Structure formats: structure tokens, C-alpha cells
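Undergrad: I'd like to ask some things about the structure below.
Every number in this text was worked out from the coordinates using simple rules, so none of it is lab data. Every value quoted in this text rests on a predicted model; they were computed, and no experiment measured them. All Cβ positions, glycine included, derive from the backbone under ideal geometry; neighbour counts span all protein chains shown.
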Amino acid sequence: MTIYIKDGVSVKEKDLKAAAKRLDASKLPDGAYDFYYSKGSYADSISYSFKVKDGKVVFYEDQNIQN
């Protein structure tokens, strides 16, 4: 899925984490997922990794696991 964001809007890693917190993962299969934001070049990109277990988002930092 691709979500387009207006030019001039600042996106930070904390924004991607907030989006993961609001994600309805009830129909997603268990596994690892990433939210990825890019503004034209790899140098301007950020990502946030999390996983889904039993229909719920699980954050790596809550498990003391390094991404």
C-alpha cells in the first residue's frame, strides 16, 4: 500500500511509530512489517519496523530486541 503525503509536510520516525500504534492489524498475518517514508532519495528516507502477532502490533523496543 502506498500513502501519499503533501509536499512540505515533515515526517519523522516518531510519526511512523504513531501510525503503527493506530494500525488495525486484526486481519494481517503474523510477521515483520516496515513503514517506510522517502522524499526523493535514499538519503532522505526513514523507516520504522514492527511486527504483528495474533492480530496486534508488537514493537521491537517493547521486547528489548534491537531492529
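Undergrad: What residues have an amide H closer than 5 Å to that of Y33, excluding those fewer than 5 places away on the same chain, when H is modeled at 1.01 Å from N in the peptide plane?
TA: The list, which skips near neighbours in sequence, is F50, K51, V52.
Undergrad: What value, in deg cm²/dmol to 500, does the helix sum -39500 (n - 2.57) over DSSP H runs of n ≥ 4 give at 222 nm once divided by the residues of the chain?
TA: Using -39500 (n - 2.57) per qualifying helix, the result is -4500 deg cm²/dmol.
Undergrad: Could I ask something else about it? Need the full-extension length gain, K14 to A32, defined as separation in residues times 0.36 nm minus the C-alpha distance. One decimal, nm.
TA: Stretched fully, the K14-A32 segment lengthens by 4.7 nm.
Undergrad: Measure off 7 Å from each Cα along the Cα-to-Cβ vector at D44 and K6, then give the distance between these two points in nanometres to one decimal.
TA: 1.8 nm
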